[in-house]
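Visitor: Structure in structure tokens, see below.
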Amino acid sequence: MTLKTPEKSTRRYGKAEGTDYQSPEVWSKVTGKAVYGIDHAMPGMLHGKILRSPYPHARIKKVDTTAAEALPGVRAVLTGTELESKPFGIAVEDELPLAVDKVRYIGDEVAAVAAVDLQTAERAIKAIKVEYEELPAVYDPAEALQEGAPQLHDNFPGNVAWERELERGSSSAAFAGADVVVEESFTIPAIHPAYLEPISCIAVDDPYTGITLHTALQSPDAVRKIVAGALNYPLSKVHVNGPVMGGGFGGRVYGNLKVYILSAMLAIKSGRPVKIQLTREEEFTAGRPMIAAAIKMKMAVKSDGTILGREADIITDNGAYSGQAPWVSKTLSERNDSVYRIPGIKTRVRLAYTNKIPTGQYRAYGNQVANFATESLIDMAAKKLGLDPLEMRLKNCVREGDITVHGLQVGKCGLSECLQAAAREIGWDHKKAGHGYGLSVAIHANGSLVFDKNFRGASALARLELDGRITLFTGEQDYGQGTHGAFAQIAAKALDVRPAQITVESKETKTAPFSTGALAMRQTTVGGKAIQLAAEDLREKIFKAAAELTGEPVTMKNSVLNTMSGRTLELGEIAYHYHNNTSGLNLTGEGKFVPEESDYDESGYGNISVAYSFAAHAVELELDKTTGAITVNRLVAAHDSGRIVNHLTARGQVYGGVAQGIGMSCFEGCLFDEGRMANATLADYKIPTALDLPEIDPLFIEIEDPVGPYGSKGLGEIVMVPVIGAVANAAADAAGVRITDLPLTAEKIYQAMAGWECEQ
Amino acid sequence: MNNLKKQVLIFQLNGEPVEIFADPAESLLTVLREKLGLYGTKAGCGKGECGACTVLLDDRAVNSCLVPAGKVQGRKVETIENLSQGGKVHMIQEEFVEKGAVQCGFCSPGMVMSAYALLKENPQPNPEQVKVAISGNLCRCSGYKQIEEAILSAAERLKN
Amino acid sequence: MSYLIASSLDEVLTSLRDGSGKARVVAGGTDLYLQDLPYGLVDLSCLKGTTVIEQEDDLISLGSAVTHTAAASSPLVLSRARALAEGCEVIGSPQIRNIGTIGGNVVNAAPAADAAVALVGLGAEAVIIDIEGNIRQEAVENLYWEYNRSLIDSTREVMISLQFKPCMDGEGSAFTRFAARRALALPMVNAAARVKLENGLVKEIRLVAAPVNPAPTRLVKTEELVIGKPVNDQTISMVERSAAEEVEVRGSLLRCSARYRLHLVGVLVSRALKTAAERAMGQGKAGE
């Protein structure tokens, strides 16, 4: 089909004037001066180490710590029985700080020690004697759900951690009236965020202030609450003070709770600061990857390509403890239904406990997992109907004003423009012979209205300093994605000052406003809106104070206040004036963004977010038919994230998110051998190197959204979602066969082309 | 051969001679960070698999986590700290900032050192040579594109 | 532990003698921390002769402490032993290639070490001296005891150099590998070929694949099939079939299944042969 030029402007290498501002923090990073968790130490600090289970499933008969405690230099030893803790958890309370009666995965935390140095701590760990009685284990989630499977938790019979059955519209009518039905089973392994800096935490117990955790978190307030609960401390006695964060990608929203809780408990017991630093191996074997999934999905389609309905039966692999897996499973099982106009859906999703690594979350929260299944089916249907995959997507994709099958209220929506732009840019109309082409689309929420129905927004403070500079206090964390730079730009625009006059503070929970965290792609839209409101409030307060001082109305331009009579005032003068008149206060603007309550009902129907971002990716790749190896040559990433605040960092988000998508499509996944992670190194858990990535072309379809600050929407998570489907579709286009098991390795593609039975 | 666990190591570090008493079996990374207080060199894996600990040994990029300290005896070591001494910043670092090549920043010191080693040896690399030069430095944030832009841009500046 | 940067071969041998089995030789040391550390290490990477790449008479000699970077960029290696340059330039990462050595690549005895596979493809022999001063010469493929274990005892033997005949007119060599990622990845299979053509027909040939056995493995049967034939499409597909039939391989969860690995052996060996033959036919300069 012919491609229309989108009406909105697209910008390829946007170096728009004034929008490439970078927060000065980058200078300390690039010179090696930034202090990360691994670099951090405290006077008198002890080193903590965790003893982990060597068995996937075993009863603990006895833990003998006598020899460890007798070692010179050992200051504290903890075991599960002495702690008498109550279970804690994120979505489900199913974890204890240390195992008491049973261990449930290889790596399960059994005991912890603190000693004067790491070597002593390691020796002490080895000196602890544990008697285990091995129990039968289960690794496959489908097997775990069968009757007679070994049970992991007494209070979760049948190993069901969470489940949901859902029907909206009439899916049976859809399938009855379908011209074509496509159906396939897809499997996706557990994916590790693989942030480059391993997690560490220094816990300090102070009789006056309480516990302070020096650890970098995307969601310090959420972690603080769980840790306070586990320690039985009042919330105001638990603080987080974050060093610079070496990558997060969802993995540091809750991070590794055991590390925080155990370092705190060791600090309390020893009376000294305690640092626990995970090794890279521990990151993999006791970290928190995103759940693996098996998705059986079918789609009912009319002969003209109209989607009538879709059904899915999904099993997700929780591992030994739940983390956020129920929430990830929920998102995974429904969000992709809202990127198309689907009248009827039916879904069953079951989250199963297995004797493997507990799971957590990863950038895009399972949306990219489902994208693999949904977008594969679209291409399968198009092929069966002899339709152009682009045309089929354009026919069905959601548009402004739609209410989707799950009740999402689609506001500004540039999805079809994204599709057109991506297809045009990749050369959809003049494909190179022998190359594979694929498309994929995505929708992504900008923060959640329903995660906590009572807490839907964000707040911020903007304080005028005595020297005329401005400090923004926010709970939104920046670990390189550019949030703080963008916040400075937003506030600068509201105040008409330069971004460089603004400092953003977020790392200490003692002073930062509460935040849900750097998650759900909420920071720019929700957190940024609070910043805009705080800056606007400060501006009004500045005007008021200036008017009081001068006795006449004022305006502000380029950081300078002008009165009607022509007098000019520096911001610092106003700050001092207010400071003196209030005996020491600073002019402070408050920003409260409180989105309206959602119509979200008990069944989970309703609007879940203040805004939605959209994306379409197009891939062009080559296939070596002799080996099955694919080389992704080019990926065009067209995004409607509203008005882009900062093109430099937005491009960085696209490049990085696409790279993670390529990794997940082609290389990554936790491999297990009898419950043991077999590829627990960065050599064998293969994230892409500079040589493994295609040319990536970001395209921004800048349709202003009325909700977020100055028309902007979120970008950081949706960037990786469509990659998986687009690569899978392009690979299927080139190979003539479809791989339904991630990653798309050369071996799988070759096997499928050669018609081999699956082995290994 | 002797029975001492530690020995005196003398080498050039960031343009100055240093003399330390250390276990030669310890990695150069451990010595730099824990003995010499140079925390700019990062530790991401301890196995030569991520490149965060990249330093220059006799002008060549190496994984300091894989180099036994004993090996640097009499040789020349350069770390990230050497690139921004006296309040000045190396132009490679300027380009990294200019091009948006720094996100979480954890790989940045190692990445900058790999770029520095490349441009020392080959001041006019082509894009493929840049990719190869940083192929031992993992970055999870950036997709490498803006890092590559920064290095090519630094090379361009070297020309003038 | 003690660490000695030896300044002469005598010093190396004396130190090993004094260490009475508790001290051993180290070159690049990139695999050092994967093992238990010995009581003493004798570093030979700064010895005068061990980093030399030279041609004398009709032999190319590389010191055992020549780094992968040095081998991959040496004009002599590039023009007369291209397979070795190709093998060395894909090992690990630039950082590892800058310090890892070709001697270490052999003595470390990993079954699919890229430099070692290329060396066996070229027909290289190692020159080894023991603490008593006895010198012996051994084909590289004969230096393997078992997986990841060399027959060279680093507590009493030192590999000094690796030697092989340069590829002259009518000769060519090539190395190929297949891995999941383009850097920082061990290969699923690697292969090397060296071929000498006379009047367009194969006169001499060496075909090597790994990991097949503990040592890089010559495909003797396939080599025999090719002798006297032109390297055309028919021969190439025959080599692909024969190579995969000649060997047995193991599968692994981390790399690939045995069946796929076998398929790759055929593909990579035939690709190596094709490139080596193109080079032998003078597509390029003399030699390669």
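Visitor: Does C:Ala109 satisfy the criteria of being at pLDDT 95 or above, part of a loop (DSSP other than H, G, I, E, B), open to solvent by less than 10 Å² (accessible area, probe 1.4 Å) and within 14 Å of chain B (Cβ to nearest Cβ)?
Guide: So C:Ala109 does not fit the description; no.
Visitor: Could you check B:Ser153 against (1) buried (at least 24 other Cβ atoms within 10 Å of the Cβ); (2) touching a residue at least 40 places away in the same chain (Cβ under 8 Å); (3) among the hydroxyl-bearing types (Ser, Thr, Tyr) and say which number it fails?
Guide: The one condition B:Ser153 does not meet is (1).
Visitor: Looking only at the stretch C:184-234, which residues are within 22 Å of C:Arg82 (Cβ to Cβ) and polar (S, T, N, Q)?
Guide: C:Asn190, C:Thr217, C:Thr222, C:Asn232 - these are the residues of the stretch C:184-234 that are within 22 Å of C:Arg82 (Cβ to Cβ) and polar (S, T, N, Q).
Visitor: Suppose we filter A:Asp337, A:Asp317, A:Asp379 for residues that are touching a residue at least 24 places away in the same chain (Cβ under 8 Å), under 27 Å from A:Ile662 (Cβ atoms), in a strand (DSSP E or B) and among the acidic types (Asp, Glu); which single one remains?
Guide: A:Asp317
Visitor: Give, as residue ranges, the strands (runs of 3 or more DSSP E) completely inside the stretch B:51-160 that count at least 2 residues that are under 21 Å from A:Glu197 (Cβ atoms).
Guide: Correct list: B:54-57, B:60-63.
Visitor: Could you check how many residues of the stretch B:105-140 are more than 14 Å from chain C (Cβ to nearest Cβ) and open to solvent by 10 Å² or more (accessible area, probe 1.4 Å)?
Guide: 4
Visitor: Additional query: Could you list, in sequence order, all residues of the stretch B:1-49 that are among the hydroxyl-bearing types (Ser, Thr, Tyr) and touching a Lys or Arg at 6+ places or on another chain (Cβ under 7 Å)?
Guide: Answer for the stretch B:1-49, where residues must be among the hydroxyl-bearing types (Ser, Thr, Tyr) and touching a Lys or Arg at 6+ places or on another chain (Cβ under 7 Å): B:Tyr39, B:Thr41.
Visitor: From the list A:Leu671, A:Leu699, pick out the single residue that is more than 19 Å from the chain's Cα centre (by Cα), more than 23 Å from B:Arg140 (Cβ to Cβ), of a type in the set (A, V, I, L, M) and more than 14 Å from chain B (Cβ to nearest Cβ).
Guide: The conditions single out A:Leu699.
Visitor: Checking A:Asn454 against (1) free of Cβ contacts under 8 Å to residues at least 40 places away in the same chain; (2) assigned to a loop (DSSP other than H, G, I, E, B); (3) touching a helix residue (DSSP H, G or I) at 6+ places or on another chain (Cβ under 8 Å); (4) of a type outside the set (A, V, I, L, M), which single condition isn't satisfied?
Guide: (3)
Visitor: Any chance the stretch A:559-576 includes a residue that's in contact with an Asp or Glu (Cβ under 9 Å, 6 or more places away or on another chain), over 30 Å from C:Arg259 (Cα atoms), of a type outside the set (D, E, K, R) and open to solvent by 50 Å² or more (accessible area, probe 1.4 Å)?
Guide: yes
Visitor: Scan the stretch B:12-24 and report the pairs whose first residue is within 14 Å of chain C (Cβ to nearest Cβ) and whose second residue is among the aromatic types (Phe, Trp, Tyr), with Cβ atoms within less than 8 Å and a gap of 6+ or a chain change.
Guide: So the pair list comes out as B:Pro24/C:Tyr3.
Visitor: Within the stretch A:637-668, work out how many residues are farther than 15 Å from A:Arg363 by Cα, more than 9 Å from every other protein chain (Cβ to nearest Cβ) and hydroxyl-bearing (Ser, Thr, Tyr).
Guide: So the answer is 1.
Visitor: Take B:Leu36 and decide whether it is over 12 Å from the mean Cα position of the chain (by Cα), among the hydrophobic types (A, V, I, L, M, F, W, C) and open to solvent by 10 Å² or more (accessible area, probe 1.4 Å).
Guide: Considered against the rule, which asks whether it is over 12 Å from the mean Cα position of the chain (by Cα), among the hydrophobic types (A, V, I, L, M, F, W, C) and open to solvent by 10 Å² or more (accessible area, probe 1.4 Å), B:Leu36 comes out as yes.
Visitor: Right, something else. Of all residues in the stretch B:67-82, count the ones that are facing another protein chain (nearest Cβ under 7 Å), open to solvent by 10 Å² or more (accessible area, probe 1.4 Å) and in contact with a Gly (Cβ under 9 Å, 6 or more places away or on another chain).
Guide: Residues meeting the conditions: 1.
Visitor: Can you spot a residue in the stretch C:240-258 that is of a type in the set (Val, Ile, Thr), open to solvent by 10 Å² or more (accessible area, probe 1.4 Å), outside any strand (DSSP E or B) and within 14 Å of another protein chain (Cβ to nearest Cβ)?
Guide: Yes, some residue in the stretch C:240-258 is of a type in the set (Val, Ile, Thr), open to solvent by 10 Å² or more (accessible area, probe 1.4 Å), outside any strand (DSSP E or B) and within 14 Å of another protein chain (Cβ to nearest Cβ).
Visitor: Counting only residues that are open to solvent by less than 80 Å² (accessible area, probe 1.4 Å) and among the charged types (D, E, K, R), which one in the stretch C:39-60 is farthest from the other protein chains (Cβ to nearest Cβ)?
Guide: C:Glu54
Visitor: Quickly run through the stretch C:208-236 and pick out the residues that are farther than 16 Å from C:Glu198 by Cβ, among the polar types (S, T, N, Q) and open to solvent by less than 40 Å² (accessible area, probe 1.4 Å).
Guide: Within the stretch C:208-236, C:Thr217, C:Thr222 meet the criteria.
Visitor: Continuing with this model, one more query. Quick check: anything in the stretch C:17-38 in a helix (DSSP H, G or I), surrounded by fewer than 20 Cβ atoms within 10 Å (Cβ to Cβ) and more than 25 Å from the chain's Cα centre (by Cα)?
Guide: yes
Visitor: Can you name the number of the only condition in (1) in contact with a helix residue (DSSP H, G or I) (Cβ under 8 Å, 6 or more places away or on another chain); (2) assigned by TED's automatic domain parsing to the domain that holds B:Asn137 that B:Lys120 fails?
Guide: Here B:Lys120 clears every test but (1).
Visitor: State the number of residues belonging to the stretch C:268-281 that are of a type outside the set (S, T, N, Q) and within 13 Å of C:Leu219 (Cβ to Cβ).
Guide: Qualifying residue count for the region: 4.
Visitor: Let me ask you something else. Could you tell me whether C:Leu9 is in contact (Cβ under 8 Å) with a residue 60 or more places away in the chain and open to solvent by less than 40 Å² (accessible area, probe 1.4 Å)?
Guide: no
Visitor: Regarding the stretch C:111-119, can at least one residue be identified that is under 11 Å from the mean Cα position of the chain (by Cα) and farther than 19 Å from C:Val269 by Cα?
Guide: no
Visitor: Can you name every residue in the stretch A:96-122 that is of a type in the set (Asp, Glu) and either under 16 Å from A:Ala41 (Cβ atoms) or open to solvent by 10 Å² or more (accessible area, probe 1.4 Å) (or both)?
Guide: Listed by number, the residues that qualify are A:Asp101, A:Asp117, A:Glu122.
Visitor: Being more than 8 Å from chain C (Cβ to nearest Cβ) and buried (at least 19 other Cβ atoms within 10 Å of the Cβ) is the filter; apply it to the stretch A:682-695 and report the residue that is farthest from A:Arg280 (Cα to Cα).
Guide: It comes out as A:Pro694.
Visitor: Let me ask something else. What is the residue count in the stretch A:217-240 for residues that are closer than 18 Å to A:Pro273 by Cβ and surrounded by fewer than 19 Cβ atoms within 10 Å (Cβ to Cβ)?
Guide: Residues in the stretch A:217-240 being closer than 18 Å to A:Pro273 by Cβ and surrounded by fewer than 19 Cβ atoms within 10 Å (Cβ to Cβ): 2 in total.
Visitor: Quick one: would you say A:Val138 is surrounded by 21 or more Cβ atoms within 10 Å (Cβ to Cβ), over 30 Å from the mean Cα position of the chain (by Cα) and either within 14 Å of another protein chain (Cβ to nearest Cβ) or within 26 Å of A:Phe372 (Cβ to Cβ) (or both)?
Guide: Considered against the rule, which asks whether it is surrounded by 21 or more Cβ atoms within 10 Å (Cβ to Cβ), over 30 Å from the mean Cα position of the chain (by Cα) and either within 14 Å of another protein chain (Cβ to nearest Cβ) or within 26 Å of A:Phe372 (Cβ to Cβ) (or both), A:Val138 comes out as no.
The values are calculated or read from the model by the stated rules, or taken from the named source; none is laboratory data. Just so it is clear, the model here is predicted, and its values are computed rather than measured. Neighbour counts run over all protein chains shown; Cβ positions are idealised from the backbone, glycine included. The protein model used for the area step is the full one, side chains on, heavy atoms only, and it has no ligands, DNA or RNA in it. Shrake-Rupley method; radii C 1.70, N 1.55, O 1.52, S 1.80 Å.
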